[in-house]
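To keep things clear, I will list the structure first and then write my remarks on it.
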Amino acid sequence: MLAWKDSFEYWQQLKKVIDEETVIKRVSPMYGMLASVGIVKGQPFAPDARMREILNEAARTAVEEMRTLN
């Protein structure tokens, strides 16, 4: 288990991947969804305290949901 998969650090790691990888046109709708939470290739990712807590909770919820599906 990755130590950061159920915390805000998940989003920081995802931002690194987005910045490093080539843009894939067929998944462009996903880039739009990430932009809605502040993750945009080549732009700073600096959510305020409120958004950080929302993203932290989202990461925790996602892990819990994946556990119940398996």
P29 versus (1) in a helix (DSSP H, G or I); (2) surrounded by 15 or more Cβ atoms within 10 Å (Cβ to Cβ): which is the lone unmet condition? (2)
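Given the criterion at positive phi, surrounded by 13 or more Cβ atoms within 10 Å (Cβ to Cβ) and not in a helix (DSSP H, G or I), identify the matching residue among G42, G38. Don't jump to the end; show me each part of the working.
Working: G42 fails: surrounded by 13 or more Cβ atoms within 10 Å (Cβ to Cβ).
Unique residue meeting the criteria: G38.
Among the residues of the stretch 45-70, write down those that are of a type in the set (D, E) and in a loop (DSSP other than H, G, I, E, B). Break it down stepwise before answering.
Filtering the stretch 45-70 for residues of a type in the set (D, E) gives 48, 53, 57, 64-65.
Matches in the stretch 45-70: D48 only.
What's the total number of residues in the stretch 45-70 that are of a type in the set (G, A, S) and surrounded by 10 or more Cβ atoms within 10 Å (Cβ to Cβ)?
Taking the stretch 45-70 first, the residues of a type in the set (G, A, S) are 46, 49, 58-59, 62.
Next cut, surrounded by 10 or more Cβ atoms within 10 Å (Cβ to Cβ) only: 58-59, 62.
Within the stretch 45-70, residues that are of a type in the set (G, A, S) and surrounded by 10 or more Cβ atoms within 10 Å (Cβ to Cβ) number 3.
Where a number appears in this text, it was derived from the coordinates with a stated rule and is not lab data. All of these numbers come straight from a predicted model, not from anything done at the bench. Neighbour counts run over all protein chains shown; Cβ positions are idealised from the backbone, glycine included.
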